[in-house]
Amino acid sequence: MTSRLLAAAALGLPLIAAPASASPGARAPFSAASFSAAGGHAMADRSAARSPSGGTPALSSVIPVPVQVTPAAGTTFQLGPLTVIRTQPGSRAARAVGEQLARDLRPATGYRLPVLPVAPRRLPVVSLLLGADDRRLGSEGYRLTVDARRVTIRANEPAGLYAGTRTLLQLLPQEIDSPTPVRRAWTIAGGSILDYPRFAYRGAMLDEARHFDTPDEIKAYIDEISRFKVNYLHLHLSDDQGWRIQIDSWPKLTTVSGGPGTGVDGEGPGFLTKSQYREIIRYAARRYVTIVPEIDMPGHVNAAQVAYPELTCDGVAPPPRTDTEVGYSSLCIGSETTYRFVEDVIRELAAMTPGPYLHVGGDEAHATPEADYLTFEQRVLPLVAKYGKVAYGWNEIAKSPASATAVAQYWDTARTNATVAAAVTRGTKVVMSPANKAYLDMKYDRNTPLGQDWAGYIEVRTAYEWDPATRVTGVGEPAILGVEAPLWSETLRSLDDIEFMAFPRLPAIAELGWSPASNHDWESFRTRLGAYGPRWTRQNVNFYPSPQINWG
């Protein structure tokens, strides 16, 4: 037995040869020992997808496009049955990233891929190491190098290691996304990548109020968006049609307005218990995604008023709404009951949300007089800070002087907005989500069976070809926290619907948020996106096959 196989046996690794030299369609040796060592999961059904259909991706094929790519011609690394994953000794967070990478790689490879603090000599190794000592990388950047014996990802923080592993997955052949083992050579092109984000905030949003998604559906979306280094998921948890988060001090919010018959057309009932919400937060955190909860107010509050009529000025409960109209509801701005309600909700939501932001809506408050709106925001925005969070709202909050320490989410379609530009001079930060570029619920074209068209049609090129730093006059790059792609759910009823509207446009927004402006190039993006399509197919993601893309 060779020294490599002796080392493998000592590690409990499968005693099988790497399939690098196997010809397409040829089966590598299979034994009961290898089946047992790999955990006995689905290895007997290898023949179903054993023929490779894609080559080795280039280092430049990644979405979002990295800052700098340096290929090493003629050099490759072979991921094989003896490969180990080495993580920074003493770092639980680095080990957790390594374990996640191993879970990502095991289904398609069938390899055990043990995660160790020290790699045995002469075995091929994927190393995840902290201490990059490169200020350019910040907390999320990484350096990835590939040579014949090892793949090394170095970062300053565990978030950077995780981002590097998302890149590594895209550098493996597309079959790596297969749910069952595939017999092929798992080759990675040699060279190096230097990469770090342009903006700190790269978000997606799900509208839970108009149609509630189950915790498993939300988790599936987290998995999908984290592949593209999206690091925030904004959950719109209340609106006129439903209330979707448990608040102990106001229990009827969910028992009444989260129950059967709520949602658009009465087809979106449900709510998150505090336990479910916390589990989603933990699940997202393991993928370096931070949850941003939103309670929309002072408008979009019909569901709250159905549950608690004292939140109206006349004390009379409005009828439940399951339509898609907006702008008709308002909290009673002069009532102290309103502020007791608002503070209770903010206090409970802040207590169960470890992330820095708490979104308080503020859009389309057409039923709230202007003076009342300003009074409301002047009282409510500081409440968010009282409970240790940064206030976040739609761009209308920029009218309030209290927004100077807040984040305004720009959803307007106009290229000029004097109110937001003025707020920026006072210190307000901006997340760019222009509805005619970033709203994923807009139809692709007039034939799209889902979505809306009030902001126009948004094909992939439209979603990609804009610059957050030049979109709005007076809102330059220093003022921009990042970008977000909201997905409103008036027409959505399932995870398939979410995927159809989000993909392939979400990766376009993700690239605008991560990659330097100098690297944005439509022809390059559409080529890389087309090559990514078969991965979605293998993941059973219901993406829209845009005719603008030549799908691989």
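The values are calculated or read from the model by the stated rules, or taken from the named source; none is laboratory data. Because the structure is a prediction, the values reported are computed rather than measured. Using ideal geometry, Cβ is built from the backbone for each residue, glycine included, and neighbour counts are taken over all protein chains shown. SASA here: full protein model, heavy atoms, side chains in, ligands and nucleic acids out. Shrake-Rupley method; radii C 1.70, N 1.55, O 1.52, S 1.80 Å.
At a glance:
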| read-out | value |
| --- | --- |
| Å² of accessible area per residue within the stretch 369-512, as computed with a 1.4 Å probe and no ligands counted | 34 |
| Mean-position separation - Cα centroids, the stretch 326-398 and the stretch 467-544, in angstrom | 29 |
| Net charge, LEU137 excluded, C-beta distance under 10 Å - Lys, Arg +1, Asp, Glu -1 | -1 |
| Carbon plus sulfur fraction of accessible area for the chain, probe 1.4 Å, in percent | 53 |
| Proximal aspartates and glutamates relative to LYS219, as straight alpha-carbon distance under 16 Å, when same-chain residues fewer than 8 apart are discounted | ASP104, ASP207, GLU208, GLU279, ASP496, ASP497, GLU499 |
| Which of ASP467, ASP133, ASP213 is most accessible, then next, and so on - probe 1.4 Å | ASP133, ASP467, ASP213 |
| Highest-first arrangement of 523-536, 217-230, 273-286, 427-440, where packing means the average Cβ count within 10 Å | 427-440, 217-230, 523-536, 273-286 |
| For the stretch 162-208 and the stretch 268-283, distance of Cα centres in Å | 27 |
| For the chain, calculated [θ]222 nm from helices alone, where every DSSP H run of n ≥ 4 adds -39500 (n - 2.57) | -9000 deg cm²/dmol |
| Charge tally in the Cβ shell below 12 Å around SER433, where Lys, Arg are +1 and Asp, Glu are -1, SER433 excluded | -1 |
| DSSP beta bridges in the chain [antiparallel fraction, %, rounded to 5] | 30 |
| Taking the chain and dividing mean pair separation by its residue count, relative contact order in percent (alpha carbons under 8 Å, at least six apart) | 13 |
| The stretch 281-351, accessible area per residue, ligands and nucleic acids excluded (1.4 Å, Å²) | 37 |
| The stretch 468-546, relative contact order in percent, only Cα pairs under 8 angstrom and at least six apart counted | 34 |
| 23 Å Cα-Cα reach of LYS429 towards lysines, excluding residues that sit fewer than 8 places from it in its own chain | LYS229, LYS386, LYS389, LYS399, LYS437 |
| The stretch 418-516, relative contact order [Cα under 8 Å, separation at least 6], % | 34 |
| Surface accessible to a 1.4 Å probe, LEU349 within the full protein complex, Å² | 0 |
